[in-house]
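Notes follow once the structure below has been shown.
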Amino acid sequence: MADQKIYQASTTAPVNIAVVKYWGKRDPKLNLPQLLNLSNSLQADLRTHTTAACSASFPASDSLLLNSSPQDVTGARTQACFRELRSLRAALEASDSSLPELSTLPLKIVSENNFPTAAGLASSAAGFAALVRAIANLYELSSSPTELSRIARQGSGSACRSLFGGYVAWQMGTKDDGSDSLAVEVAPASHWPTMRALILVASAKQKKVSSTSGMQTTVATSELFQRRAEIVVPKHMKEMEKAIKEKDFEAFGRVTMMESNSFHSTCSDTFPPIRYMNDVSWAAVGVVEDINRKAGKIVAAYTFDAGPNAVIYYEEANTDIVAGVVKGALGSVSGWESRDIKPQASDVLDAADVEVLNKGITRVILTQVGEGPIRTEESLI
Ligand code: DP6
């Protein structure tokens, strides 16, 4: 009788938030970015946990369960990841006949997110990174995170950055086949361990314009995007890498906020316009500005991806004057209980902004820049 054994491996992978944004593809099939970009990984409280298994005893077709609901795996993106990983395993099997032929067996993937899916919290990034890492573990591939980033990128562009922790750059590459469009570590999380992030969840609903279609329309219609490509992003990348290297929060914060503003400006300049930030997002911008004005320097920095949620960075030493002040204004929503943050009364916040935030924020997530994928024995199967 054929081998009925269930082979399996599990991992977690972090959500990553771009501080220099990826927006625009030079190849939409391979998800090759038009521009360099850089992110940080938020493993602590925002991650996907995935178990990859294969067995001759499974139904013949590959399957994927996300948060208990079956997902379509026939799409080109998922298929590309399966195909690439299977071919690496097949090469191993060809070189060592004692290895079980896992590359021929159906895959069963089970994933769980510990945060709302598709709320603009980069769930596809953590999802594809965990899927690729888990299958690579199952197949016992020796591929490095950078090598695996080439595969995860084909699932979702930003997923390539979630194969690392800390601060991660995604190199554009120049080759047509995308073999040099890879993620590399800029600095590990331990380099700047005091970096914190507070996420204000403004909506847990699925976003209206997906990043994939949004960025295509921006590239096709926005003239502002040309300037962003030629001048703004190359400048921000240089400044950001220097700020991270020197752990210079003011420089990091200034570039993070200007980058977010530049990205959302090109969204407004898209025809028809794309609007990811809403009134709640702008109230969060107002609060960050008030906090910085009071401090007399940049102690808090906002960024927004393809959705209205605010990610606010700050250093641990400024917890009271950033997270504490936001908690003082927004104490009633859930999420604060995860960390011991003392609410601070503040006379500097604009009352109208506070009112909008109180109505619009459904939850806060307190997190920090953390590790990349972590192998775990905890199976979801
Ligand atoms: C605004 O990686 O979701 O979050 O490659 O089409 O899957 P696809 O796009 P995706 O785009 C992310 C866009 C962003 C910025 C970023 O993460 O760099």
Residues located in region 278-312, provided they are under 20 Å from the mean Cα position of the chain (by Cα) and either modelled with pLDDT under 95 or open to solvent by 40 Å² or more (accessible area, probe 1.4 Å) (or both): ASP305, ALA306, GLY307, PRO308, ASN309
Odd one out for LEU198 among (1) open to solvent by 10 Å² or more (accessible area, probe 1.4 Å); (2) away from the ligand (no atom under 14 Å from the Cβ): (1)
Where a residue in region 221-238 is within 18 Å of LYS25 (Cβ to Cβ) and its partner, wherever it lies, is open to solvent by 70 Å² or more (accessible area, probe 1.4 Å), with Cβ under 7 Å and at least six apart: THR221/PHE271
Single match in VAL168, VAL110, VAL132, VAL186 (criterion: farther than 30 Å from ASN358 by Cα, β-branched (Val, Ile, Thr) and without any contact (Cβ under 8 Å) to a residue 60 or more places away in the chain): VAL132
Filtered residues of region 18-30 (kept if under 11 Å from GLY173 (Cβ atoms) and either free of Cβ contacts under 8 Å to residues at least 60 places away in the same chain or within 11 Å of the ligand (Cβ to nearest atom) (or both)): ASP27, LEU30
Top-ranked residue in region 31-71 [being within 16 Å of the ligand (Cβ to nearest atom) and among the hydroxyl-bearing types (Ser, Thr, Tyr); ranked as farthest from VAL186 (Cα to Cα)]: THR48
The one condition in (1) assigned to a loop (DSSP other than H, G, I, E, B); (2) closer than 23 Å to PHE115 by Cα; (3) within 15 Å of the ligand (Cβ to nearest atom) that GLY165 fails to fulfil: (3)
Any hit, region 321-334, residues being within 24 Å of the chain's Cα centre (by Cα), in contact (Cβ under 8 Å) with a residue 60 or more places away in the chain and surrounded by fewer than 23 Cβ atoms within 10 Å (Cβ to Cβ): no
Pairs with Cβ under 8 Å, 6+ apart, first in region 243-257 and part of a helix (DSSP H, G or I), second surrounded by fewer than 16 Cβ atoms within 10 Å (Cβ to Cβ) and aromatic (Phe, Trp, Tyr): none
Looking only at region 208-260, and only at residues there that are open to solvent by 10 Å² or more (accessible area, probe 1.4 Å) and of a type in the set (Lys, Arg), the one that is modelled with the lowest pLDDT: LYS208
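The values are calculated or read from the model by the stated rules, or taken from the named source; none is laboratory data. Source: prediction; values computed, not measured. All Cβ positions, glycine included, derive from the backbone under ideal geometry; neighbour counts span all protein chains shown. These accessible areas exclude ligands, DNA and RNA; they are computed on the full protein's heavy atoms, side chains included. Shrake-Rupley method; radii C 1.70, N 1.55, O 1.52, S 1.80 Å.
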